[in-house]
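**Q** Once you've had a glance at the structure underneath, I'll fire off some questions.
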Amino acid sequence: MAEDAAATGAAPDPMPDKVEETAAAPRDEQPPAPASRAGRNLPAALAVGLTLGLSLIAILLFVPKVFIAVAGVGVGVATWEVTKRLREADVLVPRIPLLVGGQAVFWLGWPWGAGGVLGAFAATALVCMVWRLFDHGLSTAPKNFLRDTAIAVFTLTWIPLLAAFSTLLLLEPDGNLRVLTFMILVVCSDVGGYVAGVLFGRHPMVPAISPKKSWEGFCGSLVFSVIGGLLTVTLLLEANSMIGVVLGVGLVAVATIGDLIESQIKRELGIKDMGTLLPGHGGIMDRLDSMLPSAFVSWLVLSALI
């Protein structure tokens, strides 16, 4: 859910960019393929999205424990992308502790539940502080220690900790269906926001952070996600349909916030995407920005109400 194809849709720019006159291009040079109004290569994005979606559905239905390994790899790659971008901006977060400790935060929920996640998180945060304190040796005082360690703990929270709730969700009764439910709702939010934003988007939601997100797109996300919640909670989880309404509304809210958080981070770093691994989407983190807070809220709502 990258900034320009987010779950809340895309509002059109108020006026076209000015185009400067240039010399004619060589005859054999092909013009670039037109981008969608969301600013993405739409065919590539759809192909990648369908491939990932169908693969995850098959894993959750037939070999659900494999999902933990797949998600763990995604967490590792996303953490690498973010730490790489931060270090390019001269924010010296401790990369090794974040990568190793982040995997511990994610994986220890399997044998030890929430206690394992919390313990690994606290230990990794402490290691990041000590690592950054002495990463230039014992005789040199660190620079920007407070900033870098604070951002390291933020990164640890943003990616591995929030992702760990998908493991906790999977381990509950019918956990594979619970994970599938929350993933379907995030996709519903994304699709509804895109369609409504492209067709009707006129009023930017937060132009200072993400100019292409619109209130019309947000309403589309809300409608699609609530309908998806009603259907999935009723048919997959065989629970009260009103739980689906609560979950649908909650996921639209946190998915939108997650997308805006990544948009602001990329704006401050001066980049368009966190990575380039997924054509039409950017990096792994650009796909996880709304999934991560949604995993937490799904675990919270479904654990409390079902």
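The values are calculated or read from the model by the stated rules, or taken from the named source; none is laboratory data. The structure displayed is predicted, hence computed values, not measured ones. Counting neighbours? That spans all protein chains shown, and the Cβs are built from the backbone with ideal geometry, glycine included. Heavy atoms of the whole protein, side chains included, go into the accessibility calculation; ligands, DNA and RNA do not. Shrake-Rupley method; radii C 1.70, N 1.55, O 1.52, S 1.80 Å.
**Q** Return the total of residues in segment 236-293 being open to solvent by 30 Å² or more (accessible area, probe 1.4 Å) and among the small types (Gly, Ala, Ser).
**A** Total meeting the criteria: 3.
**Q** With in contact with a Pro (Cβ under 7 Å, 6 or more places away or on another chain) and within 23 Å of residue 285 (Cβ to Cβ) as the only criterion, which of 158, 107, 131 stands out?
**A** Within the list 158, 107, 131, the selection yields 131.
**Q** Can you tell me which of 124, 181 is over 22 Å from residue 103 (Cβ atoms), in contact (Cβ under 8 Å) with a residue 24 or more places away in the chain and in contact with a Leu (Cβ under 9 Å, 6 or more places away or on another chain)? Before the answer, list the steps.
**A** Working: 124 fails: over 22 Å from residue 103 (Cβ atoms).
Going through 124, 181 in turn, just one is over 22 Å from residue 103 (Cβ atoms), in contact (Cβ under 8 Å) with a residue 24 or more places away in the chain and in contact with a Leu (Cβ under 9 Å, 6 or more places away or on another chain): 181.
**Q** Then there is this: Identify all residues within segment 294-306 that are within 13 Å of the chain's Cα centre (by Cα) and open to solvent by less than 10 Å² (accessible area, probe 1.4 Å); write none if there are none.
**A** The initial filter retains those residues of segment 294-306 that are within 13 Å of the chain's Cα centre (by Cα), namely 294-296.
294, 295 - these are the residues of segment 294-306 that are within 13 Å of the chain's Cα centre (by Cα) and open to solvent by less than 10 Å² (accessible area, probe 1.4 Å).
**Q** Another question, if that's okay. Residues that are free of Cβ contacts under 8 Å to residues at least 40 places away in the same chain and of a type in the set (A, V, I, L, M): does segment 266-282 have at least one?
**A** No.
**Q** I've got another one for you. Please go through segment 188-207 and pick out each residue that is surrounded by 24 or more Cβ atoms within 10 Å (Cβ to Cβ) and touching a Leu at 6+ places or on another chain (Cβ under 8 Å).
**A** Within segment 188-207, 189, 192 meet the criteria.
**Q** If you go through segment 124-159 one residue at a time, how many are among the small types (Gly, Ala, Ser) and closer than 21 Å to residue 73 by Cα?
**A** Count: 2.
**Q** What number of residues within segment 62-84 are under 20 Å from residue 173 (Cβ atoms), open to solvent by 60 Å² or more (accessible area, probe 1.4 Å) and in contact with a helix residue (DSSP H, G or I) (Cβ under 7 Å, 6 or more places away or on another chain)?
**A** 1
**Q** Taking only pairs six or more apart or across chains, which ones have beta-carbon atoms under 9 Å, a first residue in segment 135-163 that is in the same structural domain as residue 289 (by the TED database), and a second residue that is open to solvent by less than 50 Å² (accessible area, probe 1.4 Å) and among the hydrophobic types (A, V, I, L, M, F, W, C)?
**A** none
**Q** Hey, residue 210 hits all of (1) open to solvent by 30 Å² or more (accessible area, probe 1.4 Å); (2) farther than 25 Å from residue 175 by Cα but one; which does it fall short on?
**A** (1)
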